[in-house]
2 protein chains.
Amino acid sequence: MIVASAPAKIILFGEHFVVYGEPAIVLAIDKRARASAELRTDKRIYINSVDLGLSGSFMEEQFQPELGGEEARTKLEPIKIATQKVLHFSKKQVGVSIEVESSIPVAAGLGSSAAVAAAVVVAVSRLLDAKLSKEEVFRFAYEAECFVHGTPSGIDPTISTYGGVLLFQRDRGFKSLNVEGDIPLVVGDTGMERSTGEQVAIVRERRKHFPSIIDHVIKTGREVALKAAKALETGDLNALGELMNINHALLCAVGASNEPLERLVYAARKTGALGAKLTGAGGGGCMVALCLPEKLEKVAEAIKRAGGTTFIARKSSEGAKIES
Amino acid sequence: MIVASAPAKIILFGEHFVVYGEPAIVLAIDKRARASAELRTDKRIYINSVDLGLSGSFMEEQFQPELGGEEARTKLEPIKIATQKVLHFSKKQVGVSIEVESSIPVAAGLGSSAAVAAAVVVAVSRLLDAKLSKEEVFRFAYEAECFVHGTPSGIDPTISTYGGVLLFQRDRGFKSLNVEGDIPLVVGDTGMERSTGEQVAIVRERRKHFPSIIDHVIKTGREVALKAAKALETGDLNALGELMNINHALLCAVGASNEPLERLVYAARKTGALGAKLTGAGGGGCMVALCLPEKLEKVAEAIKRAGGTTFIARKSSEGAKIES
């Protein structure tokens, strides 16, 4: 049995603006999805998602649910796609059993589905002895993502594949940032699921009403991301925090925030976070606060009191990889 | 006895950005300061501020407190300055008793001191039969304001003098906007007093850290104000509300908001306000919500539940004027 894992991500800067071609900064964190893969005696693709409590097996386009009925099919489909891509690449006609397990909150902007897909691609490729380049791991995970998100930006499978801290720009790919120091973060989850597609549509609508204003905001977002890249590389946490606050305000300007997010953001700031912002599409999902290490627990406590569930996250340089 | 009054104001758009030469939109509301003036048999300037519970009389640079001790001197000084300006203009050497009364919350960004000063200037000028142009009323009120605020933008004495809805720009003066319809507003007061000077310094500091970013935000503020001027003149309340929300976010980006303000702003938006923003310098003080008339009471209730004191405000075309 082969076990692989891939990291969740936090968008530190530039979410939404990235849709309009501007840079985003994304960070892999020490929260990972795990996938184990083993060969079967039949030719089915059997998938068991431990956290979702869903399982079943695919044979070509046929699905046979085990746990979770027809809902299982939709939720497990991206994992099947990732597996098929590797099977196809390896040119082997075998059956595979896959179990996935992830402690990453779902639909919260942390890239859980991409982390699962990347972990699956790596586990299955090792199982089948298929030598994939990182670029291929990314591509297969991206194709699984397309099933979930339509035409996603590609940020999530990129960071899950490569890890570290990336400056990402649509049509230009990404650049690894050289971040030496620690980036101590508290993630606060509002518990409100939201749809990335709907959030992107809200911004698009506002831009239709006020193109010159929103384009100004987007350009400002670009400046913020570029300054933040410098602050990350020089380890200037104070500047980084202030830039996170500004970025959050720009996300408010395009209509991405809401009251539950604001409650957590202000709880963090009041307790001494260097900066706090929503992360991802907004309208629910998660926020993230940057703190000095000695403040992490206190800020996490404050976010909890304000109604969020929290975890402490650290940047992780490890992308998708074999565990055992 | 002569009674005059002048209106409070709400900055609808462009506070803070106006300091950097960009346009602001300011609205006179139906909340007024009143001043009554009568001649005395001595040459003193006696002032009684009913709401502040302070009184005393000035004779040249001497002050004799009646109620409130030495604190009275500082608080009554601007009223004395306004009175002296008119006395000097009229070339009359007489004593004047002044009583001021105002229901405008103090230090909340509603221009209470300028409204008082403009009412005093108008009352005293009528008392002394001094024919002042509007420009002179403004100038004398402005000079009283300088005692309170150092070098104020001039917005407050302008709107208290002229009333209506003004597009104001530093070094360019103001332009009256032709607003036909009603602008139904709820003002929510956090009850936190704050200093305009300190708030301006916060923005200046952030601009020093990130000049290119903050200059982008300020330019975006300009776009918002210009679009809002159009929305006001065409009576497009939906657009106006959305622009208020955007303007609020830009004020967050320069560091002007805080948790109590956000709480009131989101309470208003959640209850169906078309838009809501802080008004004035921020860091406390007031917020303002634009509502359809039938929603005013409900939004006011929600703001109260969120911890604010509220009043419903309507635009007023009447500037400083004689009451009786």
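Residues in the range B:297-308 include at least one that is buried (at least 22 other Cβ atoms within 10 Å of the Cβ), within 14 Å of chain A (Cβ to nearest Cβ) and in contact (Cβ under 8 Å) with a residue 60 or more places away in the chain. Is it true that some residue in the range B:119-136 is crowded, with 18+ Cβ neighbours inside 10 Å, farther than 28 Å from B:SER57 by Cβ and within 16 Å of the chain's Cα centre (by Cα)? No. A single entry from A:PRO157, A:PRO152 fulfils the requirement of being free of Cβ contacts under 8 Å to residues at least 60 places away in the same chain, of a type outside the set (A, V, I, L, M, F, W, C), part of a loop (DSSP other than H, G, I, E, B) and buried (at least 16 other Cβ atoms within 10 Å of the Cβ): A:PRO152. Contact map, the range A:206-224: first residue more than 7 Å from chain B (Cβ to nearest Cβ), second residue of a type in the set (Phe, Trp, Tyr) and open to solvent by 10 Å² or more (accessible area, probe 1.4 Å), Cβ cut-off under 6 Å, separation 6 or more or different chains; pairs are A:ILE218/A:TYR20. Looking only at residues of the range B:1-55 that are within 17 Å of the chain's Cα centre (by Cα) and in a helix (DSSP H, G or I), we find that the one that is farthest from B:ARG222 (Cα to Cα) is B:VAL19. Within the range A:236-264, being more than 10 Å from chain B (Cβ to nearest Cβ) and over 22 Å from the mean Cα position of the chain (by Cα) holds for A:ASP236, A:LEU237. Among the conditions (1) more than 20 Å from the chain's Cα centre (by Cα); (2) crowded, with 21+ Cβ neighbours inside 10 Å, B:GLU233 misses just one, which is (2). If the condition is being more than 20 Å from the chain's Cα centre (by Cα) and closer than 20 Å to A:LEU261 by Cβ, then the range A:174-202 contributes only A:ILE202. The condition of being surrounded by fewer than 20 Cβ atoms within 10 Å (Cβ to Cβ), within 30 Å of B:VAL254 (Cα to Cα) and touching a residue at least 24 places away in the same chain (Cβ under 8 Å) holds for only one of B:GLY111, B:GLY21, that being B:GLY21.
Sort through B:VAL100, B:VAL50 and tell me the only one that's open to solvent by 20 Å² or more (accessible area, probe 1.4 Å), over 30 Å from B:LEU243 (Cα atoms) and of a type in the set (Val, Ile, Thr).
B:VAL50
Condition check: among the aromatic types (Phe, Trp, Tyr), touching a residue at least 40 places away in the same chain (Cβ under 8 Å), closer than 30 Å to B:ALA229 by Cβ and open to solvent by 30 Å² or more (accessible area, probe 1.4 Å). Does B:TYR162 satisfy that? Yes; evaluated as a whole, the condition is true for this residue.
Would you mind finding the one in B:LEU67, B:LEU87, B:LEU76 that is among the aliphatic types (A, V, I, L, M), out of contact with any Pro (no Cβ under 7 Å at 6 or more places or on another chain) and surrounded by fewer than 17 Cβ atoms within 10 Å (Cβ to Cβ)?
Working: B:LEU87 fails: surrounded by fewer than 17 Cβ atoms within 10 Å (Cβ to Cβ); B:LEU76 fails: surrounded by fewer than 17 Cβ atoms within 10 Å (Cβ to Cβ).
Testing whether each residue is among the aliphatic types (A, V, I, L, M), out of contact with any Pro (no Cβ under 7 Å at 6 or more places or on another chain) and surrounded by fewer than 17 Cβ atoms within 10 Å (Cβ to Cβ) leaves just B:LEU67.
Within this structure, B:ALA33 fails the test of being at pLDDT below 95, open to solvent by less than 10 Å² (accessible area, probe 1.4 Å), in contact with a strand residue (DSSP E or B) (Cβ under 8 Å, 6 or more places away or on another chain) and not assigned by TED's automatic domain parsing to the domain that holds B:LYS277. Against the numbered list (1) facing chain B (nearest Cβ under 10 Å); (2) small (Gly, Ala, Ser); (3) free of Cβ contacts under 8 Å to residues at least 40 places away in the same chain, A:ALA201 comes up short only at (1). If you check A:ALA267 against the conditions, is it more than 11 Å from chain B (Cβ to nearest Cβ) and within 19 Å of B:GLU262 (Cβ to Cβ)? The answer is no for A:ALA267.
When each of B:ALA201, B:ALA231 is tested for being out of contact with any Cys (no Cβ under 9 Å at 6 or more places or on another chain) and closer than 30 Å to B:GLU294 by Cβ, the lone residue that passes is B:ALA231.
The values are calculated or read from the model by the stated rules, or taken from the named source; none is laboratory data. Keep in mind the model is a prediction, meaning the values are calculated, not measured. Here Cβ is always computed from backbone atoms with ideal geometry, including for glycine, and neighbour counts include all displayed protein chains. For the accessible areas, the whole protein counts, side chains as well, though only heavy atoms, and no ligand, DNA or RNA atoms are used. Shrake-Rupley method; radii C 1.70, N 1.55, O 1.52, S 1.80 Å.
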